[in-house]
Every structure is written in C-alpha cells, then in structure tokens.
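The values are calculated or read from the model by the stated rules, or taken from the named source; none is laboratory data. Being a predicted model, the structure only gives us computed values, none of them experimental. Using ideal geometry, Cβ is built from the backbone for each residue, glycine included, and neighbour counts are taken over all protein chains shown.
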Amino acid sequence: MYTNNNNNRLEKIYLQLLELSKGNFSTLIERTEHKDDLEALAALVNMATEEIKDSFLHEGYVNFHDSYVLNTQILMVLNEDFCIEETNESGYLLLGFGYKNLIGKPFEHFISDESKEKWDLVKKAITSSSTTEESLQLSFLTKQGLELPAFCRVIHFIEDTILKGKTIVTSFDMVQTQKYIEEKTQRKIQSRLYFPKKQKRKQSVLQLNDIEIIRAVSEHIKNHLDQDLPSLKEMAHQFGTNEYKLKKGFKELNGMTVFQFLKEERLKKAHVIVEHSNKSFKEIAKMVGFKNSTHFSREFNIRFGYRPRALRSLKA
C-alpha cells in the first residue's frame, strides 16, 4: 500500500510525464534518499527526459543556428536579505507561481535541497570582499514540485549604486522561436545584408550512413580526450568516409568543427572532475588532453566564465 509520501512521489512522476507529452524538456523530478522502485522509476524518467532533449537538439541539426537562440529563463533581483524583490514575467510563468507568490519570499524557498547547499556557499562568497560574481548550476522548484535545472550567473553589487547590496540571479536556455527567426530575417532585409535574389537552400551532405559514421567519430573523440587527434584525412579514412563529408557533415550535425567539439568535450569532462574530485589541476589537464595547467585554466575560464580554482573553492 502506498503511503502519502509515495503518492506524492508518484504524482511528480505523472506530472513529469505530462510535461514530456507537451514537449517540455526543461523540468526534472526532484530526487530523494529512497532506494526503491519509485526512485528507480523517477531516475529513469529523468534520464529519458535528458536523452529526448539531447536527441531533439541533435536531430535538429539542419539550420541549427537559425532555429535556436539564447533566451533568458529566469531573472530575479534579491534584496539585502536575499529575498526576491523583482522577477521577470517568463521567470514566474516558468516556475508556475504567480508574481505575488514570489515577491518578498526568500530565494532559497524556490530551489531544491541540494541547491540550497550551493547557494549558502555562494552567498558567503559574493558578500565577501574577494568576489562579487559567481556561476553555478541550481535546480529551481516549480509549483508542481518538479525540478528546473539551470546554469545561473549570480552578481552581487557592492558599489554605491542604486543596486548596492542587492543581488541578481539569472539563467539562460536554448529555445526555438519562430518569431525570433522572422524578426532576424526582417532586420537583415532592412539593413541590406540580405540579398534579395533567391538563393537555393543548402542541401545536406549527409546520408543516413554518414550520420552513423559521424556519430561514431563523436563517440571516439569523447572516449579519447587525452589524445591528440589525427588529421581529418586520416580520421575520415579510419571511419570509412572522406575528408569533405567528415568536415562539412560533422559541423552540420554537431554545430561545430571536429576540433571545437574536442575542446568542448574536454572542458565539460574537466568541469565534472574539478567539481567532484580532489585531483590537482595539472593532473586533470593531462587527463583531458591539455598541454599544461595554465592553458587548461585559461580555456576553462573562457568557456565557463570562471577558473577551476573558483569552482573548487565552492566545495571548501
């Protein structure tokens, strides 16, 4: 027989599946300490959500950059006590709360328990004299009790301005928006950067077999991040294709070149190791294929907006 707690957990699984059916891949089910079938089901639904989201973006590679834009999800202004003083419309609509239900409430009331630990560390860091900006991943809680993971930038103002003592928390997401595409096209026409002559739509160079090959190349790169890549010609020959299809097709499918993809995957793996281990930065740099820790730290900062040492200091 299910307890009230189990009924609540089952309800969240149902709500998450309902969000999936509506095409919303942004929310997740908040995990618990239970080790039972319901928890396994919740984990499975979360994994499926992330896989569907990744597949949706991955399969939509044609005209990728014209189909997706960086959009502000949530923007909140917090007062000196870290209570919500103002928020944007998309923020409170995304969380499912009314505007009045957010204003004046402590920010931590709307993030998961795991995120609260990170938030406490960030509050201490940004109010110190050493730094006023931090980046981290938080999970917001929707009104339905689902998690909304988001990469956030936290900025605390200490200078004598109208925002002195206040903190801004903002998050971004990649979204599809036809309106943006239409406005962008119109701006191009008006600025005469778009030639009125009809241009043939670029045809994809990829067939089904080519896609499978390029995905195999992508997986190979992920599994050998500590190694230097051979030339594109050698790699193409190794996987049974030609250099043109590998070069053009890889960018068409992944939205970036082979070498950009390599660096991106190296930095993503490094971020996980820095955050969840005590390995030295020199050792991590070697593990993911950077020549030295200085180069690694510089590239890490360019990609994430903060250095490995700043990320690790959040754990201290």
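Quickly run through region 248-277 and pick out the residues that are over 17 Å from the mean Cα position of the chain (by Cα) and among the aromatic types (Phe, Trp, Tyr).
Scanning region 248-277 gives Phe250, Phe259.
Tell me which of these Leu311 doesn't satisfy, since it passes every other one: (1) in contact with an Asp or Glu (Cβ under 7 Å, 6 or more places away or on another chain); (2) modelled with pLDDT of 90 or more.
(2)
Of the residues Ile111, Ile103, Ile84, which is crowded, with 20+ Cβ neighbours inside 10 Å, under 23 Å from Gln144 (Cβ atoms) and over 21 Å from the mean Cα position of the chain (by Cα)?
On the way: Ile111 fails: over 21 Å from the mean Cα position of the chain (by Cα); Ile103 fails: crowded, with 20+ Cβ neighbours inside 10 Å.
Criteria check complete, one pass: Ile84.
Of the numbered conditions (1) under 19 Å from Ser171 (Cα atoms); (2) among the polar types (S, T, N, Q); (3) touching a residue at least 40 places away in the same chain (Cβ under 8 Å), Ser313 fails exactly one; give the number of that condition.
Here Ser313 clears every test but (1).
May I ask you to say which residue of Glu234, Glu252, Glu264 is under 29 Å from Arg312 (Cα atoms) and in a helix (DSSP H, G or I)?
Only one candidate passes the filter, namely Glu264.
Within the set of pairs 6 or more residues apart or between chains, which connect a residue that is charged (D, E, K, R) inside region 205-234 to a residue that is not in a helix (DSSP H, G or I) with Cβ atoms less than 8 Å apart?
Here the result reads Asp210/Thr241; Asp226/Val288; Asp226/Gly289; Asp228/Gly289, each pair linking region 205-234 to a residue that is not in a helix (DSSP H, G or I).
What residue, among those in region 96-117 that are touching a strand residue (DSSP E or B) at 6+ places or on another chain (Cβ under 6 Å) and in a helix (DSSP H, G or I), is nearest to Leu141 (Cα to Cα)?
Phe110
Which residue out of Thr161, Thr131 is within 23 Å of Val272 (Cα to Cα), in a loop (DSSP other than H, G, I, E, B) and modelled with pLDDT under 85? Give the steps one after another, and end with the answer.
Numbers: Thr161 fails: within 23 Å of Val272 (Cα to Cα).
Being within 23 Å of Val272 (Cα to Cα), in a loop (DSSP other than H, G, I, E, B) and modelled with pLDDT under 85 holds for just one of Thr161, Thr131, which is Thr131.
Determine if region 52-74 includes at least one residue that is surrounded by fewer than 16 Cβ atoms within 10 Å (Cβ to Cβ), of a type in the set (A, V, I, L, M) and either touching a Pro at 6+ places or on another chain (Cβ under 8 Å) or modelled with pLDDT of 80 or more (or both).
Scanning region 52-74 turns up no residue that is surrounded by fewer than 16 Cβ atoms within 10 Å (Cβ to Cβ), of a type in the set (A, V, I, L, M) and either touching a Pro at 6+ places or on another chain (Cβ under 8 Å) or modelled with pLDDT of 80 or more (or both).
Restricting attention to region 1-35, which residues are modelled with pLDDT under 80 and acidic (Asp, Glu)?
Within region 1-35, just Glu19 meets the criteria.
Kindly list, by first and then second residue, each pair from a residue in region 244-261 that is under 16 Å from Asp210 (Cα atoms) to a residue that is hydroxyl-bearing (Ser, Thr, Tyr), limited to pairs with Cβ atoms under 6 Å and residues at least 6 apart or on different chains.
Within 6 Å, the pairs are Lys251/Thr257; Glu252/Tyr61; Leu253/Tyr61.
Please pick out the residue among Ile273, Ile211, Ile284 that is among the β-branched types (Val, Ile, Thr), assigned to a helix (DSSP H, G or I) and more than 23 Å from Leu314 (Cβ to Cβ). Walk me through it before giving the result.
Details: Ile273 fails: more than 23 Å from Leu314 (Cβ to Cβ); Ile284 fails: more than 23 Å from Leu314 (Cβ to Cβ).
None of the others qualify; the one that does is Ile211.
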